[in-house]
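I have placed the structure first, in the form of structure tokens, so that the comments after it can refer back to it.
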Amino acid sequence: AVAMTAIVHFLNNLFKLGLVGKYAERSVIVAFGLPALFAALVGAWVLVRVSDLPPLAQYQLLGHEFSILPVKVVIGLLMVVFAVMEVLPRWQQVSFPKQYLPLGGILSGFFGGISGHQGALRSAFLVRGGLTKESYLGTSVVIACLVDISRISIYSTHFSSLKIHENGALLSAAVLSAFIGALVGNRLIKKINFRFIQILISVLLFLIGFGLAMGMI
């Protein structure tokens, strides 16, 4: 599921790259994006290794049996943590000096390689990078693409067991939905209450993360 999501995420980012990639700041990509690219390899490798571990526990609830798998616990907890970070007012004010961009790339890339969630950390390090709004968006998309390329290259070792070809219809539908979402969002961005959308997405991520960690999903 993580690998399938990574493919959808990457293709959607390529679509965004065509829209705002020209505004990317090369110096930030070198300082932040390259460390993120290599750190994502490590994060993805960790995820692959964790996915081979046996269940931590099993339990029954309402007549159904659930298994708590290490890989789902790791991804679920990261989703919960980053969902909370996205809505905490205090975290919105956190930023780091420009000289810490390489460190930010390593941290963001590592966690991005594990679960794909890197936005909150990336924002905290890039917000003081002296970027315009357009440069920030373009740079973020380029960095996200680099991380996706890294993690997909590692996940691909498990693609045969994930039966990508058998899930082609589902993958195509997800990619199409992502493209439509990007287009609609681009048109309505000035009319939508961004804070409401941010909270809604964070709540959904929290619930999904909790369900994964508990073996319910």
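Below is a table of values for the structure above.
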item	result
Subset of region 132-153 (residues that are within 17 Å of Phe110 (Cβ to Cβ) and of a type in the set (A, V, I, L, M))	Ile143, Ala144, Leu146, Val147, Ile149, Ile152
Output for region 102-151, where each listed residue is within 16 Å of Ser27 (Cα to Cα), aliphatic (A, V, I, L, M) and buried (at least 24 other Cβ atoms within 10 Å of the Cβ)	Leu126, Ile143, Ala144
Residue list for region 115-146, restricted to those being over 16 Å from Phe82 (Cβ atoms) and of a type outside the set (A, V, I, L, M)	Arg128, Gly129, Gly130, Thr132, Lys133, Glu134, Ser135, Tyr136, Gly138, Thr139, Cys145
Meets criteria (of a type in the set (A, V, I, L, M) and modelled with pLDDT of 85 or more) for Leu107	yes
Selection status of Phe10, surrounded by 14 or more Cβ atoms within 10 Å (Cβ to Cβ), at pLDDT 85 or above and either in a helix (DSSP H, G or I) or polar (S, T, N, Q) (or both)	no
Any hit, region 142-151, residues being in a helix (DSSP H, G or I), of a type in the set (Ser, Thr, Tyr) and modelled with pLDDT of 75 or more	yes
Any hit, region 160-180, residues being among the aromatic types (Phe, Trp, Tyr) and at pLDDT below 75	yes
Out of Ser51, Ser27, Ser123, Ser140, sole residue that is farther than 29 Å from Phe196 by Cβ, among the hydroxyl-bearing types (Ser, Thr, Tyr) and free of Cβ contacts under 8 Å to residues at least 24 places away in the same chain	Ser27
Qualifying residue in region 52-60 (condition: in a helix (DSSP H, G or I) and more than 15 Å from the chain's Cα centre (by Cα))	no
Residue in region 53-72 that is closer than 21 Å to Val203 by Cα, buried (at least 19 other Cβ atoms within 10 Å of the Cβ) and either at pLDDT 85 or above or not β-branched (Val, Ile, Thr) (or both) present	yes
Residue within region 188-198 that is under 20 Å from Phe10 (Cβ atoms) and either at pLDDT 65 or above or outside any helix (DSSP H, G or I) (or both) present	no
Candidates Gly33, Gly43 - the one that is assigned to a helix (DSSP H, G or I), surrounded by 19 or more Cβ atoms within 10 Å (Cβ to Cβ) and either at positive phi or in contact with a Leu (Cβ under 9 Å, 6 or more places away or on another chain) (or both)	Gly33
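Each row is one residue, and each column tells you yes or no for (1) touching a strand residue (DSSP E or B) at 6+ places or on another chain (Cβ under 7 Å); (2) closer than 14 Å to Val142 by Cβ.
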{"residue": "Ala3", "(1), (2)": "no, no"}
{"residue": "Leu14", "(1), (2)": "no, yes"}
{"residue": "Val20", "(1), (2)": "no, yes"}
{"residue": "Glu25", "(1), (2)": "no, yes"}
{"residue": "Ile29", "(1), (2)": "no, yes"}
{"residue": "Leu34", "(1), (2)": "no, yes"}
{"residue": "Ala39", "(1), (2)": "no, no"}
{"residue": "Val46", "(1), (2)": "no, no"}
{"residue": "Leu56", "(1), (2)": "yes, no"}
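The values are calculated or read from the model by the stated rules, or taken from the named source; none is laboratory data. If you're wondering where the values come from, they're calculated on a predicted model, not measured in any experiment. Every residue, glycine among them, receives a Cβ derived from its backbone with ideal geometry; neighbour counts consider all protein chains shown.
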